[in-house]
């Protein structure tokens, strides 16, 4: 089906498409508009596009979608989008009302109205509320759906922006409250305030009534660091200003700001994982074995604790206690606490469960929360100032539900349940394992008709990076537009992800990256071996780091696939650090300026491995002009190079807004979704390339 790929590694100096890295130049955008026109003609011109689009939009904006909320001081807050509220409403209701079928919502901000009034298509990017009343907030607004946001002070009770209040221009800075008259600013406004990755390098205290330029620095990181940050942490009514220096994605130092002005470093390892503060104890996890002061050994996938108050008073942590011992194929997904109880969300062989931990006279005890089994159970919200906590439950075939507790998990009530979006009566979800090139068994999920007798079109999805797990989840659009047609969905839990904790992630880190690509190929081969699909009927999809996975799969194993969707990807791994904020990912991939590390990056970098003499399956690359996390230059250059090499089946589409995650207007999201399904069906349904 294909010829062997003969990689021809180009150098930066002879890159003919370097000009496409200029995000907003006239030449770049002219090229983008031409490509968009061709792709729209091809995909939106297909007769199947309109009904796919209308179905996707209907499901994305359905009024009976679950309103996921979080509770503070008796109110449940929710961000909501539907057909009438394209950019969305930030709203709240009482806890009692939220639990009913028809909550009485109070609109806090109507973003469609605000955008119409100000002439900017504002996208809600979150808010930090002021303890203890939570009525004042620092509101973040993105002008294009990207990560960079404007900040404004807002009064929830009056529903107005505070006249003369705190306000800061669009940047990647972060803001939180110290008190009513002081804001903690992790600043990234000016060049000397930013790390090489473009994130905050300086933490400042900003007093009301003064200009942002007058904010006083209290903490600084290095230019080479990933970022710094600062925020109040609470233990009951006690408040602590914690400062963080993130050296990279997986290591950093944590400091406590003392009344004297000293920033005292917490006695934790560089690669500390989850941290929580509860009843005078600091609870933490580690990514690699750590010999704590006193000789205790802390291991990955476990939780440990020491006496925080003792350390404050004596600068001595005393004995390390085990909160949660590590267990085989069990990893920690999330740690959070109410005022009195610590909750731990676990992944047990890629299925979720939750326990709560309490410290008694004889140490820590663990108690399972009585939640449904054999699905993806996770903490949905938790009120660290009270006793409310909610959990989500879902799997590939079970619509999501919200299970609520007002008493630290003792009493549980299902308060929200999404209606079924597709007919799952004839479908089954199964878990298989494929043996990778080095012998490692790689789990993956298959969702298909239970009576499948012969190979059919299948979509294989993967990610494999940054310790991010892929878990079972209900997707109404996928079910309606793909599974109901008798097609198959596959989700691969390859190395590099977080499904089995830090070691699973580290097995595909830096020079070991090829393991993730081999794992993905092994799953594809196993699907064929089992008769679930064939190479010509097997499509793959991945976004961001998963876009790199899809790109590598395209150039390394094109014979395995009938269609490839590459979304908001990294693809030029010899220049990724030059495209902001790429330098922030060197702990994951390596540094291309170092010869040894450049060698392993060059061994798989998709952009450099495009070959004229390869037979590639149809490819659809998508990105966003407003993506300020993964630069659109990656996807642009890859598409241009594929097309220049004679691969006319390479399509490209770039949205002008929405950022990395495609936030904002649901109509835009529905259009892209419909185009991708048109592309997949067109490439795979006939079973030929």
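The values are calculated or read from the model by the stated rules, or taken from the named source; none is laboratory data. Remember, predicted model here, so these are calculated numbers, not experimental data. Cβ atoms come from the backbone with ideal geometry, glycine included; neighbour counts cover every protein chain shown.
A few comments on the model shown:
- Across the stretch 664-681, a minimum of one residue is classified as part of a loop (DSSP other than H, G, I, E, B) and either under 21 Å from residue 582 (Cβ atoms) or assigned by TED's automatic domain parsing to the domain that holds residue 570 (or both).
- The residues on offer are 99, 172, and the sole one that is closer than 23 Å to residue 381 by Cα and surrounded by 16 or more Cβ atoms within 10 Å (Cβ to Cβ) is 99.
- Sole residue being surrounded by fewer than 21 Cβ atoms within 10 Å (Cβ to Cβ), farther than 17 Å from residue 99 by Cα, in contact with a strand residue (DSSP E or B) (Cβ under 7 Å, 6 or more places away or on another chain) and modelled with pLDDT under 95, chosen from 372, 399, 368: 372
- Condition met for residue 409 (out of contact with any helix residue (DSSP H, G or I) (no Cβ under 9 Å at 6 or more places or on another chain), on the phi > 0 side of the Ramachandran plot, in a loop (DSSP other than H, G, I, E, B) and free of Cβ contacts under 8 Å to residues at least 12 places away in the same chain): no
- Residue under evaluation residue 481, criteria (1) farther than 30 Å from residue 249 by Cα; (2) surrounded by fewer than 23 Cβ atoms within 10 Å (Cβ to Cβ), criterion not met: (2)
- Filter pass, residue 542 being within 30 Å of residue 274 (Cβ to Cβ), touching a residue at least 60 places away in the same chain (Cβ under 8 Å), in contact with a helix residue (DSSP H, G or I) (Cβ under 8 Å, 6 or more places away or on another chain) and assigned to a strand (DSSP E or B): yes
- The stretch 296-313, residues that are free of Cβ contacts under 8 Å to residues at least 40 places away in the same chain and farther than 14 Å from residue 501 by Cα: 296, 297, 298, 304, 306, 307, 309, 310, 313
- Residue among 71, 54 that is more than 27 Å from residue 186 (Cα to Cα) and modelled with pLDDT of 95 or more: 54
- With respect to being farther than 24 Å from residue 681 by Cβ, surrounded by fewer than 19 Cβ atoms within 10 Å (Cβ to Cβ) and touching a residue at least 40 places away in the same chain (Cβ under 8 Å), residue 599 falls outside the description.
- Conditions (1) under 18 Å from residue 424 (Cα atoms); (2) part of a loop (DSSP other than H, G, I, E, B); (3) without any contact (Cβ under 8 Å) to a residue 24 or more places away in the chain: number failed by residue 472: (3)
- Of all the listed residues (294, 318), the sole one being under 26 Å from residue 238 (Cβ atoms), touching a helix residue (DSSP H, G or I) at 6+ places or on another chain (Cβ under 7 Å) and surrounded by fewer than 20 Cβ atoms within 10 Å (Cβ to Cβ) is 318.
- Only residues that are in a helix (DSSP H, G or I), touching a residue at least 60 places away in the same chain (Cβ under 8 Å) and buried (at least 18 other Cβ atoms within 10 Å of the Cβ) were counted in the stretch 638-663, giving 4.
- Answer from 423, 438 - the residue that is more than 19 Å from residue 560 (Cβ to Cβ) and out of contact with any strand residue (DSSP E or B) (no Cβ under 8 Å at 6 or more places or on another chain): 423
- The stretch 276-300: number of residues that are modelled with pLDDT of 95 or more and part of a loop (DSSP other than H, G, I, E, B): 7
- Within the set 69, 88, the sole residue that is in contact (Cβ under 8 Å) with a residue 24 or more places away in the chain, buried (at least 19 other Cβ atoms within 10 Å of the Cβ), under 18 Å from residue 381 (Cβ atoms) and in contact with a strand residue (DSSP E or B) (Cβ under 9 Å, 6 or more places away or on another chain) turns out to be 69.
- Given (1) surrounded by 24 or more Cβ atoms within 10 Å (Cβ to Cβ); (2) outside any helix (DSSP H, G or I), index of the condition residue 635 fails: (2)
- The single condition from (1) surrounded by fewer than 24 Cβ atoms within 10 Å (Cβ to Cβ); (2) free of Cβ contacts under 8 Å to residues at least 40 places away in the same chain; (3) under 19 Å from the mean Cα position of the chain (by Cα) that residue 486 fails is (3).
- Of the strands (runs of 3 or more DSSP E) lying entirely inside the stretch 312-355, those containing at least 3 residues that are within 30 Å of residue 73 (Cβ to Cβ) span 330-337, 342-348.
- Residue identified as in contact (Cβ under 8 Å) with a residue 40 or more places away in the chain, out of contact with any helix residue (DSSP H, G or I) (no Cβ under 8 Å at 6 or more places or on another chain) and at negative phi among 155, 112, 133: 133
- When 454, 433, 426 are checked against the criterion of being surrounded by fewer than 19 Cβ atoms within 10 Å (Cβ to Cβ), within 14 Å of residue 533 (Cβ to Cβ) and outside the structural domain of residue 374 (by TED's automatic domain parsing), a single residue qualifies: 454.
- Among the residues listed as 448, 530, 503, the single one being touching a residue at least 12 places away in the same chain (Cβ under 8 Å), under 29 Å from residue 346 (Cβ atoms), assigned by TED's automatic domain parsing to the domain that holds residue 599 and surrounded by fewer than 21 Cβ atoms within 10 Å (Cβ to Cβ): 503
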